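Worksheet for the structure shown next.
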Amino acid sequence: MITFENVTKIYKGNVEALRGVSATIEKGEFVFLVGPSGSGKSTMLRLINREETADKGRIFVAGKDIARLSSWRVPYLRRNIGCIFQDYKLLATKTVYENVAFALEVIGRPRNVVKTQVPAILELVGLESKADNLPEELSGGEQQRVSIARAFVNRPLILLADEPTGNLDPATSVGIMRLLDRINRTGTTVVMATHDRSIVDTMQRRVIELEHGRIVRDQARGVYQ
Amino acid sequence: MKLDYIARETFTNLRRNVTLTIAAIMTVAVSLALFGSTLLLNQGVDNVSARWKDGITLIAFLKSDITDEQRDAIETFIDEHPEVERWRYVDREESHAEAMRLFDRNEAMKQRLEANPELVPDSYRLTPTADDVDLMASMGEELAAMPGVLQVTDERESVQTVVGVSEFAQRAMLVVGIGLLVAALLLILNAIRMAMYARRREIEVMKLVGATNWFIRVPFMLEGIVQGLIGAIFALGAVFALDRFMQRAAQHEDYRAIMEGFVATSGELWFTVVVVLVLGVVIGAAGSGWALSRFLKV
């Protein structure tokens, strides 16, 4: 599903974020990216989404070399990739329902699809009763569920999560991880960058550890360290 | 769904930035008003100087019952005068066509001309070698006294005044108009930039979930185009006002002699209208397109 071949990424100012990274992530896998801040976890996620492009090496997503994708095709790549973040990135002026519906509307989904898909996904994340609330009226955990609903409503092949539990207490984090696990069991590939030791240790999934832009460990059913 | 989304977004953007939007619209309006007026005046000058083109300053209109001998005598007389650089005979057909053009929007006059093509006489049109007003004036008097000549008009000074003043005014208006056009472009650029800043979170999410670039861009493009178009519509008010003023002046007793040809035909007026509208749309599209290409990274 995702293949990195010798990927190097250098940001402006000669910061080497990734140095010759190679890895393959199969369809339906659940992968943790761990490592200290600045080790290159977020860069890997941003490369998969083509928010950044690699300076050397090749990246394949769903069988396509994404460097060779013309810019007008990038949005169609992103429709196959859902993203969630530490800060949720919800629109403050829209209700829970509208936030999720927005993701379908802006890719031109017809109204009847929006009307059936949004309530279904809100039920999946357990927020059907909060559909008309604004994000600020929700707890952090609930806001992250809205963001997961928005990322997953279009049934992407891949879900990228960048420190999704970074702002949440341990109990709430467990709830979020259960939800991501459920999504993973539907066949969606999940790649999650995290600092949360206890989550990695309890989940017992594949762990890729990065340090200074290199993969120093790649372990099936691994632990944090 | 898509259409009402786009309309809603465009309208919200315009309302959110109301002060900058008004500033942009007003600048477009003033600059295009100057531009459109210049264009209209320019066509007026073209029309008036078509009559006096090639520096013709003396016109001898002929009686309709003029004989060939009288004609020969006039031509010999003109040829004998070295201060005439060249001359031209304008027959009835050409005079009629010219008059129809000058009175394009004066229906009463047009009907009279059509009913009676003889109304506009043949004429000799003379161009002097030097700028000797006196010499031409005395020659004009002599010509007027010759048999077969109906009337001699010497419009050198008045024509040059009108053409000179209007050329100066046109140049000044064009310079100011172009300056303001650039200002309008920059204001639209900034209005769109502000709108994009206000919506940066939405834009971020749209990109994330895979909205196409065009889908993200269209509301902003339309916002700029609407600003340009509204400005152009205001500018047209000024253009029509100037046109009415020119029409009135052309019919006013005191100025008729000078202003008669100084009108734009209806075709020329509509040409100006189209140019102003198109320019408004182009400025709006260029301003927002520039903002999008600079500040909206894929």
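In summary, strands (runs of 3 or more DSSP E) completely within the stretch A:12-75 and bearing 2 or more residues that are in contact with a strand residue (DSSP E or B) (Cβ under 7 Å, 6 or more places away or on another chain) and under 22 Å from residue A:154 (Cβ atoms) occur at A:30-34, A:56-61. Taken over the stretch A:102-143, residues that are touching a Phe, Trp or Tyr at 6+ places or on another chain (Cβ under 6 Å) and polar (S, T, N, Q) amount to 1. Against the list (1) surrounded by fewer than 17 Cβ atoms within 10 Å (Cβ to Cβ); (2) under 19 Å from the mean Cα position of the chain (by Cα); (3) more than 14 Å from chain B (Cβ to nearest Cβ), the condition residue A:41 fails is (1). Which one is nearest to the other protein chains (Cβ to nearest Cβ) among residues in the stretch A:88-100 that are surrounded by fewer than 22 Cβ atoms within 10 Å (Cβ to Cβ) and over 16 Å from the mean Cα position of the chain (by Cα)? Residue satisfying both the conditions and the ranking: A:91. Taking the stretch A:1-16 as the range and being open to solvent by less than 10 Å² (accessible area, probe 1.4 Å) and closer than 25 Å to residue A:166 by Cα as the test, only A:2 passes. For the stretch A:144-160, a residue qualifies if it is under 25 Å from residue A:61 (Cβ atoms) and out of contact with any Phe, Trp or Tyr (no Cβ under 8 Å at 6 or more places or on another chain), and the qualifying residues are A:148, A:149, A:151, A:152, A:153, A:154, A:155, A:156, A:157, A:158, A:160. Restricting the search to helices (runs of 4 or more DSSP H) fully inside the stretch B:66-155 and requiring at least 1 residues that are more than 26 Å from residue B:264 (Cβ to Cβ) gives B:68-79, B:133-145. When residues in the stretch A:17-38 are screened for being of a type in the set (D, E, K, R) and either open to solvent by less than 70 Å² (accessible area, probe 1.4 Å) or farther than 19 Å from residue A:63 by Cα (or both), 2 of them pass.
Residues of the stretch B:175-219 being of a type in the set (A, V, I, L, M, F, W, C) and within 14 Å of chain A (Cβ to nearest Cβ), which ones? Passing the criteria: B:198, B:203, B:205, B:206, B:208, B:209, B:211, B:214, B:215, B:216, B:218. Does residue A:114 meet the test of being without any contact (Cβ under 8 Å) to a residue 24 or more places away in the chain, outside any loop (DSSP other than H, G, I, E, B), under 27 Å from residue B:200 (Cβ atoms) and open to solvent by less than 60 Å² (accessible area, probe 1.4 Å)? Taking the combined requirement at face value, the residue satisfies it.
Scanning the stretch B:19-54 for residues that are at pLDDT 85 or above and out of contact with any helix residue (DSSP H, G or I) (no Cβ under 9 Å at 6 or more places or on another chain) turns up B:19, B:22.
Among the residues of the stretch B:1-48, those that are surrounded by 19 or more Cβ atoms within 10 Å (Cβ to Cβ) and among the hydroxyl-bearing types (Ser, Thr, Tyr) comprise B:10, B:21, B:27, B:31, B:37, B:38.
For the stretch A:55-87, the set of residues classified as within 8 Å of another protein chain (Cβ to nearest Cβ) and more than 21 Å from residue A:161 (Cβ to Cβ) consists of A:71, A:72, A:76, listed by residue number. Within the stretch A:101-130, track down each residue that is closer than 18 Å to residue B:203 by Cα and at the interface with chain B (Cβ under 10 Å from one of its Cβ atoms). The answer is A:102, A:103, A:104, A:105, A:106, A:107, A:108, A:109.
The values are calculated or read from the model by the stated rules, or taken from the named source; none is laboratory data. This is a predicted model, so every value here is computed, not measured. So basically every Cβ, Gly included, is an ideal-geometry build from the backbone, and we count neighbours across all protein chains shown. These accessible areas exclude ligands, DNA and RNA; they are computed on the full protein's heavy atoms, side chains included. Shrake-Rupley method; radii C 1.70, N 1.55, O 1.52, S 1.80 Å.
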